[in-house]
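S.K.: I'd like to ask you about the structure that follows.
The values are calculated or read from the model by the stated rules, or taken from the named source; none is laboratory data. From a predicted model like this one, the values you see are computed outputs, not experimental measurements. Don't worry about glycine lacking a Cβ; one is built from the backbone with ideal geometry, like all the others, and counts go over all protein chains shown.
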Amino acid sequence: MMQSFLLLGLPYVAILGCIAGSIWRFRTRRFSYSALSSQFLEDKSLVLGSMPWHLGIFVVLAGHAAALLFPRVWAGLVASPTFLLSVEAIGLAASALAFVGLSVLLVRRLTNGRVQAVTSVVDLVVLAIFLAQIVLGVLIAVIHPYGAAWSTGTLAPYLWSLLTLRPDASLVIDLPPLVQAHLALAWGIVLLVPFSRLVHVFSVPLAYLWRAPQVVVWSNPRRWSSSVAAATVLPARRLFLRGAAALSVGGALLAAGTAETLGRFFFGPRLSEEQQARLDARKLERLRQTQREKELAVERAAQRYIRIATLSELDARKGRYFIDYEMRPALAFLGEDGLPLLISAKCTHLGCTVASELDAQGRVLCPCHVSFFDIKTGMPNAGAPAKEPLPHLAWVLMDDTQQVVASRGADGRDYGRVDPERAASLSVYIAKREERVS
Amino acid sequence: MSTATDPLSSRVARFVRERLPAEKLNARQLLIEKEVPQHKASWAYYLGGLALFFFLIQVVTGLMLLFYYQPTVSDAHASVAAISEHVAGGALIRNLHAWSASAMIAVVIVHVLTTFAMKAFARPRELTWVSGMTLALIVFTFGFTGYLLPWNQIAVNATKVGLQSIEALGQYLPGELARWPTYVRETIQGEPSVGQATLSRFFALHVILLPLATVAALGVHLLQVQVHGMSRGVDVEQVKTERFFPFFVIKDLSVWGVAFFVVCVVAMCLPFDALLPYPLLEPFNPLGSTPDGIKPEWYFFFVYYPLEILPYWVVVAGSTLVLGTMFLAPWIFGRTSRRTLRVLALGAAAYFLLMTFFGQTVYEILKGGQP
């Protein structure tokens with residue numbers, strides 16, 4: 001009974017109380033709508049307490065809010081162990097900071113006479129509850145770690161069930177007592193907001209960050225000199241603090257991120273077997289290609305003849321690429337006379353390799369700068385970037401006994417003759433030195 | 001004071017004394033007492049520093065890529081792909097290198113044009129200008145040599161086309177001289193066609209020789225800039241100035257910060273390769289035909305499209321003339337007014353923009369077809 005009141009009743013009481021109470025306080029006691037600064041009474045230990053407390057609690061609350069309001073996004077993030085560990089570490093560090101700050105503030109409230117004069121009971125209650133809440137939170141983080149992960153499946157749906165007016169405590173009812181106490185105390189704090197100094201969360205003087213500095217001018221002549229000093233020192237100090245804070249936070253984030261990425265960059269890839277196999281296969285393919293090129297070069301250096309294809313494999317419309325004796329690309333077609341037609345494939349303009357398929361006018365295209373070459377004459381089209389014709393290559397035809405039966409010189413003259421019935425069995429070669437059969 | 005009758009040695013000595021005055025070569029004069037003019041064109045004073053910043057990014061990312069890149073025809077493409085796919089942060093580093101290279105060249109072009117328009121080459125800043133022009137040439141050579149290293153279709157074929165255009169010079173030379181451009185091309189390539197030897201020397205140029213040359217030229221350039229200060233840059237008699245250190249330096253660093261942010265975001269979001277169709281990024285295949293759409297990088301468009309449109313000799317003669325004029329600007333334009341120089345620079349900028357963004361259109365209008 002008590003448990004279900006704390007988990008289901010108290011939240012609504014707290015939220016409604018907080019809203020209604022805030023409105024009531026704003027309407028009836030508007031000028032108390034703040035934390036009632038005691039800086040004038042004591043400012044040394046206030047800085048040592050207030051700064052760490054607010055910095056710490058801000059980070060902690062931001063983490064809570066992110067996990068509870070965007071549980072799905074958050075769950076995706078904390079799936080990364082690096083992120084989860086970082087978040088837990090940052091959370092603990094911020095809690096410690098807040099704890100230290102709060103302790104300083106509590107001691108100040110209890111020991112400084114001037115501050116005590118303006119301290120109400122509620123102020124002390126607030127301090128005590130916060131101290132208890134932080135201790136509970138740290139205990140949870142230590143005893144039941146990785147709350148950043150497990151809360152997304154328990155506390156976040158619970159909170160959303162409350163907010164969507166379908167209260168459901170089943171997700172949190174079995175959580176450890178520590179967590180339930182933390183929850184109940186949290187709702188208590190929400191309820192306390194309008195009735196204590198905590199209202200200042202609704203009236204944070206953000207404008208202080210960019211408004212012009214306030215110059216305090218004393219009417220007492222004794223103080224004139226110090227008022228001038230205040231006017232020159234204060235804005236400088238504020239600017240310096242703001243800049244230093246931004247720079248150190250940004251710098252720390254930047255350094256951490258850069259160091260992490262750099263570390264992993266130089267650590268190098270650790271590939272899975274499958275990835276490694278794929279990478280090795282790719283490299284092997286390139287090595288084979290390099291090997292093929294080298295073999296071609298060696299073959300051309302050593303061999304008197306290089307075989308292109310059998311005559312029957314040649315096509316009249318689609319050329320066959322081969323590499324000539326100078327390691328330049330060339331194309332082999334079947335000419336209209338039934339004999340091979342070998343032509344250089346290296347564009348005479350800027351050396352691109354021409355395409356192998358003929359267009360309707362019997363021309364091949366160099367794709368780089370659009371020259372069309374007639375393969376019968378080798379001539380480029382009028383107005384093409386290329387001016388020189390593609391040269392024809394000499395060839396020899398050999399039968400299967402390696403006897404040269406016919407050849408064509410680089411000048412285009414044919415020697416020997418081909419028996420049409422045996423033509424299919426002949427092979428086309430290029431020769432290192434020109435051959436002339438009679 | 002100086003007369004033509006002085007012996008050459010004393011004229012040289014006077015020239016050097018004026019450019020490197022011993023009384024100014026100390027930290028106080030070089031840093032503390034330097035003043036930067038403030039006027040409408042002051043933004044141009046940031047361009048040199050910005051180019052330097054992009055160069056520093058290139059050095060750092062380039063060194064990081066060196067840890068994984070393998071400069072052989074069989075491994076180059078696979079190693080580059082492995083950097084992008086498998087090395088943590090590798091894709092970002094590679095993109096950063098590519099984007100910052102383009103940014104550096106763009107900034108260098110604007111820097112050259114603005115300093116020209118502001119007559120920043122005038123006496124005694126001749127050495128600043130000449131070392132700056134040398135740096136600009138080095139930067140373009142960086143681009144040309146770096147382009148080949150991934151060894152993909154567009155890289156190798158565009159390099160082939162680029163080198164082949166040297167050989168085209170042969171047609172204008174008489175007799176045996178006609179073969180010389182071929183020798184030059186093959187010396188650059190290291191073998192008759194673009195292959196392993198070419199990759200090795202482009203790699204050596206890109207990662208050792210050019211960086212060393214840059215450091216040397218940059219040393220002269222920066223020393224001269226600091227010794228003589230920024231040129232006044234405008235015709236106004238009285239200009240306001242601000243102290244170089246710390247005020248201008250801090251602004252300079254803020255510009256660097258913004259530039260780094262921008263180039264990082266772009267490198268994270270947009271792979272440089274994404275601007276090219278995939279077939280051009282396949283590994284180079286020496287036995288296949290050249291794929292469609294082989295073009296140099298955008299920063300060579302201003303010379304590439306004229307090569308496509310005009311007769312070769314016109315382009316060669318024109319670019320030799322322009323390059324020579326640019327190097328000798330301090331002596332050629334010594335008496336030209338800033339207004340005239342500004343018109344010339346604006347014309348050059350318009351030409352750059354036209355060729356870089358609308359080169360294709362210009363080509364199609366003049367030639368009626370795809371290049």
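Here's the yes/no breakdown for (1) at pLDDT 90 or above; (2) farther than 18 Å from B:Ala155 by Cα; (3) buried (at least 18 other Cβ atoms within 10 Å of the Cβ); (4) more than 8 Å from chain A (Cβ to nearest Cβ):
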position	(1), (2), (3), (4)
B:Leu276	no, no, no, yes
B:Leu280	no, no, yes, yes
B:Asn285	no, no, no, no
B:Gly288	no, no, no, no
B:Asp292	no, no, no, no
B:Lys295	no, no, yes, yes
B:Phe301	yes, no, yes, yes
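S.K.: Residues A:Leu84, A:Leu36, A:Leu41: which one is surrounded by fewer than 19 Cβ atoms within 10 Å (Cβ to Cβ) and either part of a helix (DSSP H, G or I) or not assigned by TED's automatic domain parsing to the domain that holds A:Val172 (or both)? Give the derivation first.
M.R.: Numbers: A:Leu36 fails: either part of a helix (DSSP H, G or I) or not assigned by TED's automatic domain parsing to the domain that holds A:Val172 (or both); A:Leu41 fails: either part of a helix (DSSP H, G or I) or not assigned by TED's automatic domain parsing to the domain that holds A:Val172 (or both).
Just one listed residue meets the conditions, A:Leu84.
S.K.: Within region B:348-369, is there a residue that is within 14 Å of chain A (Cβ to nearest Cβ), assigned to a helix (DSSP H, G or I), over 18 Å from the mean Cα position of the chain (by Cα) and farther than 26 Å from A:Val354 by Cβ?
M.R.: Here is the first cut: in region B:348-369, the residues within 14 Å of chain A (Cβ to nearest Cβ) are B:359-360, B:363-364, B:366-369.
Applying the additional criterion that residues be assigned to a helix (DSSP H, G or I) yields B:359-360, B:363-364, B:366-367.
Then drop every residue that is not over 18 Å from the mean Cα position of the chain (by Cα), which leaves B:359-360, B:363-364, B:366-367.
Right, trim to farther than 26 Å from A:Val354 by Cβ and you get none.
Within region B:348-369, none of the residues are within 14 Å of chain A (Cβ to nearest Cβ), assigned to a helix (DSSP H, G or I), over 18 Å from the mean Cα position of the chain (by Cα) and farther than 26 Å from A:Val354 by Cβ.
S.K.: Working carefully through the options B:Leu127, B:Leu135, find the one that is more than 14 Å from chain A (Cβ to nearest Cβ), assigned to a helix (DSSP H, G or I) and at pLDDT below 95. Let's see the steps before the verdict.
M.R.: Values: B:Leu135 fails: at pLDDT below 95.
Unique residue meeting the criteria: B:Leu127.
S.K.: Another question about this same structure. Take residues that are closer than 26 Å to A:Trp24 by Cβ and tell me which of the helices (runs of 4 or more DSSP H) falling wholly in region A:96-204 contain 1 or more. Write out each step before concluding.
M.R.: Details: elements: A:113-117, A:121-143, A:147-150, A:155-163, A:177-192.
Where helices (runs of 4 or more DSSP H) fall fully within region A:96-204 and carry at least 1 residues being closer than 26 Å to A:Trp24 by Cβ, they are A:121-143, A:155-163, A:177-192.
S.K.: Same structure again: Can you give me the ranges of the strands (runs of 3 or more DSSP E) entirely in region A:364-433 with at least 2 residues that are of a type outside the set (Val, Ile, Thr) and under 17 Å from A:Ala330 (Cβ atoms)? If you could, list the steps in order and put the result at the bottom.
M.R.: Working: elements: A:371-374, A:395-398, A:404-408, A:414-416, A:427-431.
The qualifying strands (runs of 3 or more DSSP E) are A:371-374, A:395-398, A:404-408, A:427-431.
S.K.: Moving to a separate point now. I'm checking my understanding of the structure. Among residues of region A:398-438 that are loosely packed, with under 11 Cβ neighbours inside 10 Å and in contact with a helix residue (DSSP H, G or I) (Cβ under 7 Å, 6 or more places away or on another chain), which one is modelled with the highest pLDDT?
M.R.: A:Asp400
S.K.: When A:Leu271 is evaluated against the numbered criteria (1) outside any loop (DSSP other than H, G, I, E, B); (2) within 9 Å of chain B (Cβ to nearest Cβ), which criterion, by number, is the only one it fails?
M.R.: Checking A:Leu271 against (1) outside any loop (DSSP other than H, G, I, E, B); (2) within 9 Å of chain B (Cβ to nearest Cβ), the one that fails is (1).
S.K.: Across region B:201-243, what is the number of residues that are farther than 17 Å from B:Arg125 by Cα, surrounded by 15 or more Cβ atoms within 10 Å (Cβ to Cβ) and among the polar types (S, T, N, Q)?
M.R.: The number of residues fulfilling the criteria is 2.
S.K.: Turning to a different aspect of this structure: Limited to region A:283-324, what total is found for residues that are surrounded by fewer than 16 Cβ atoms within 10 Å (Cβ to Cβ) and in contact with a helix residue (DSSP H, G or I) (Cβ under 6 Å, 6 or more places away or on another chain)?
M.R.: 1
S.K.: Right, another one. I'm checking my understanding of the structure. Among residues of region B:34-88 that are without any contact (Cβ under 8 Å) to a residue 12 or more places away in the chain and among the acidic types (Asp, Glu), which one is farthest from the other protein chains (Cβ to nearest Cβ)?
M.R.: B:Glu85
S.K.: Read through the list (1) crowded, with 19+ Cβ neighbours inside 10 Å; (2) touching a residue at least 40 places away in the same chain (Cβ under 8 Å), then give the number of the only condition that B:Arg185 fails.
M.R.: Going through the list (1) crowded, with 19+ Cβ neighbours inside 10 Å; (2) touching a residue at least 40 places away in the same chain (Cβ under 8 Å), B:Arg185 breaks only (2).
S.K.: Within region B:143-234, considering only helices (runs of 4 or more DSSP H) that don't extend past its boundaries, which have at least 3 residues that are modelled with pLDDT of 95 or more and within 24 Å of the chain's Cα centre (by Cα)? Let's see the steps before the verdict.
M.R.: On the way: elements: B:153-167, B:180-189, B:196-204, B:210-228.
So the answer is B:196-204, B:210-228.
S.K.: Identify all residues within region A:367-404 that are under 58 Å from the mean Cα position of the chain (by Cα) and at positive phi; write none if there are none.
M.R.: Passing the criteria: A:Val370, A:Gly378, A:Gly383.
S.K.: Among B:Ala88, B:Ala78, B:Ala51, which is the only one that is among the hydrophobic types (A, V, I, L, M, F, W, C) and assigned to a loop (DSSP other than H, G, I, E, B)?
M.R.: Values: B:Ala78 fails: assigned to a loop (DSSP other than H, G, I, E, B); B:Ala51 fails: assigned to a loop (DSSP other than H, G, I, E, B).
The conditions single out B:Ala88.
S.K.: Can we say A:Val354 is more than 12 Å from chain B (Cβ to nearest Cβ) and within 26 Å of B:Leu199 (Cβ to Cβ)?
M.R.: When the stated conditions are applied, A:Val354 does not pass them.
S.K.: Looking only at region A:357-385, count every residue that is more than 13 Å from every other protein chain (Cβ to nearest Cβ) and acidic (Asp, Glu) and tell me the total.
M.R.: 2
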